[in-house]
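Contents: one structure, followed by commentary.
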Amino acid sequence: MSVFISSNRKNLLAISVKNSLKIIELEKNEAILSYVNQLTNVKEEQNEVDIIAHKFSPDSCYFAAITGNKKLFVWKMADKKVCCTMDIGKRPTCLSFEHDKNTVVVGDKSGDVYQCALKETKPKLLLGHLSMVLDVILTPDCRFIISADRDEKIRVSSYPMSFCIHSFCLGHTGLVSCISLISTDRLVSVSSDLTLRLWDFKKGIQLSESVQLPKDCIVSHLEVCSNEIAIMAERLTELRIYRVDNDLIRFHSVIKLHSTLLSFSYVAENNIAVVLKDSSRPFVMLRLVEDVYTEVNHELCFAISSHIGMDFSLLPEPSTLIQLLKPVNGKRSFQTITPEATINIESSSISNYSKKTKTAVK
C-alpha cells in the first residue's frame, strides 16, 4: 500500500505515505516521530523504498514497519529511536508483534514467516507456505501463530515450535487477504471469494454461515475492536461494519464516504480514522453516535493533513490485491506487473507450446 495508517488505540496514530512515515500524538496534535526511508542500493527501484505496513506493540513500547526494500525497522517509543534494523530475505507483506516479548514476526511474498527478535541481527525462519503469505497474527498467550496465504489456506501452528501444525481453517475459495482474532479462540477472515467467515481456529471449524460481501468488494484491510469488525475494499468509497454476537456475524452498517478509501484504523473503541484519496479532506474521523458512525473532529483532521502536506488525490488507486487475484481460464485480470503480483503464464500459451512440441517430435 502506498498509504497505511495504524494506531495504538490510545493516543498515537501512525501514517505512512509512500516512503515517508509520521507518528502523531492526537491529544497534542503533534508529530513526535518522522522518518523517510531511503534507497540503500543503486539497483533498487524507487517504489521499493515504500513503507508497506506498520504496527504498534501491544504495550505501545515499540513500533515496527516493513518496507519494499526488504527491511524491518523497530523504534523504541520511549526515546523515538530505531532500536533494530533487520534485512528480510524477500519482500515482506505483513507483520505482527509477539505479546510478551520484544519480537516481531514477518511474512513475505515467497511464503515464509520469520521470527525477528529485537536483540538479534538476523531473522529466524519459523514456517513456510507454498504461496505468498498475506497476513499473520500471534495469539495473546503466544501459543499459536496463524498465517493466511494466496492459496485459500489459513494455517494454525504451534509457537514457537511452528513445525507442529495444530489445525487448518479451510473453506475459502480465493486468496485470504486478512485475518484477525475476535476472542481467545475465535478468528475472523476475509477472502477474494467475497466472504467473511468466523472460525474456532483451535478446532479448525467454521462456526456460522459465511457472510456474502458485495460484488467487487476485494477487502484489503480488516480490523476488529471488541465485537465489531470493520472492512475496506480496494477502489471503493465505503467502510462496512459488522458485529459478532453468539458466534454469528451480523451486518451493522455501510459508511459512505466522499472518496476512495486508502486506509483506516480504530483509534479507540467506536472511533475510526480514515484516509481518503481526496485533495481537500483526505482525513476523516468517525465516531459512533446513537449507533451510527458520524464524522467528527474536523479541526483535528485538517491539522493531521497539514502534518503530511501532500495532495492525496494524486496517489494511485489501490490495486495490490486485485492484481493478486488468480486468473480466470489462465489469463491475468491485469497485465501490469508489480512486486506484489505473481506472473502467470496463460494456459493457451502452454497449450500451443505443447502442440508445437508434439508436431516437432512427429
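The values are calculated or read from the model by the stated rules, or taken from the named source; none is laboratory data. Remember, it's a predicted structure, so these values are computed and weren't measured experimentally. We place every Cβ from the backbone using ideal geometry, glycine too, and count neighbours over all the protein chains shown. The area values use the complete protein model at the heavy-atom level, side chains included, leaving out ligands, DNA and RNA. Shrake-Rupley method; radii C 1.70, N 1.55, O 1.52, S 1.80 Å.
Of the residues that make up segment 54-66, is at least one in contact (Cβ under 8 Å) with a residue 40 or more places away in the chain, of a type in the set (Lys, Arg) and in a strand (DSSP E or B)? Yes, there is a match, as at least one residue in segment 54-66 is in contact (Cβ under 8 Å) with a residue 40 or more places away in the chain, of a type in the set (Lys, Arg) and in a strand (DSSP E or B). Across segment 78-87, not a single residue is classified as surrounded by 14 or more Cβ atoms within 10 Å (Cβ to Cβ) and either among the aromatic types (Phe, Trp, Tyr) or in a loop (DSSP other than H, G, I, E, B) (or both).
Looking only at residues in segment 211-241 that are acidic (Asp, Glu) and more than 16 Å from the chain's Cα centre (by Cα), which one is most open to solvent (accessible area, probe 1.4 Å)? By that ranking, first place goes to ASP216. Kindly evaluate LYS331 against the criterion of being open to solvent by 60 Å² or more (accessible area, probe 1.4 Å) and either in contact with an Asp or Glu (Cβ under 7 Å, 6 or more places away or on another chain) or at pLDDT 95 or above (or both). Spelling it out, LYS331 is indeed open to solvent by 60 Å² or more (accessible area, probe 1.4 Å) and either in contact with an Asp or Glu (Cβ under 7 Å, 6 or more places away or on another chain) or at pLDDT 95 or above (or both). Is there a residue being free of Cβ contacts under 8 Å to residues at least 60 places away in the same chain, within 17 Å of the chain's Cα centre (by Cα) and buried (at least 17 other Cβ atoms within 10 Å of the Cβ) anywhere in segment 160-172? No, segment 160-172 contains no residue that is free of Cβ contacts under 8 Å to residues at least 60 places away in the same chain, within 17 Å of the chain's Cα centre (by Cα) and buried (at least 17 other Cβ atoms within 10 Å of the Cβ).
Looking only at residues of segment 1-19 that are of a type in the set (Gly, Ala, Ser) and at pLDDT 95 or above, we find that the one that is nearest to GLY68 (Cα to Cα) is SER16. Checking each residue in segment 185-210 for being modelled with pLDDT under 95 and either open to solvent by less than 10 Å² (accessible area, probe 1.4 Å) or of a type in the set (S, T, N, Q) (or both) picks out SER208, SER210. Using the structure shown, decide if LEU125 is open to solvent by 70 Å² or more (accessible area, probe 1.4 Å) and of a type in the set (A, V, I, L, M, F, W, C). Answer is yes for this residue. Might you check whether a residue that is under 17 Å from ILE179 (Cβ atoms) and surrounded by fewer than 18 Cβ atoms within 10 Å (Cβ to Cβ) occurs anywhere in segment 99-118? Yes, segment 99-118 contains at least one residue that is under 17 Å from ILE179 (Cβ atoms) and surrounded by fewer than 18 Cβ atoms within 10 Å (Cβ to Cβ).
A search for C-beta distances below 6 Å between a residue of segment 16-40 that is under 10 Å from ASP50 (Cα atoms) and any residue that is among the small types (Gly, Ala, Ser), counting only pairs 6+ apart in sequence or on different chains, returns LYS18/SER2; VAL36/SER20.
Pairs meeting the criteria (first residue in segment 305-328 and within 22 Å of ILE23 (Cα to Cα), second residue among the acidic types (Asp, Glu), beta carbons under 7 Å, at least 6 apart or on different chains) are PHE312/ASP278; SER313/ASP278.
Considered as a group, the residues in segment 263-322 that are touching a Phe, Trp or Tyr at 6+ places or on another chain (Cβ under 9 Å) and open to solvent by 60 Å² or more (accessible area, probe 1.4 Å) include one that is modelled with the highest pLDDT, and that residue is ARG287. Checking the structure you have, find out if any residue of segment 43-64 is modelled with pLDDT of 95 or more, crowded, with 21+ Cβ neighbours inside 10 Å and more than 17 Å from the chain's Cα centre (by Cα). Yes, segment 43-64 has at least one match.
Please list, ordered by first then second residue, the pairs with beta carbon atoms under 6 Å, 6 or more apart or interchain, first in segment 191-212 and hydrophobic (A, V, I, L, M, F, W, C), second open to solvent by 30 Å² or more (accessible area, probe 1.4 Å). Pairs found: LEU198/LEU207; TRP199/GLN206; LEU207/ASP247.
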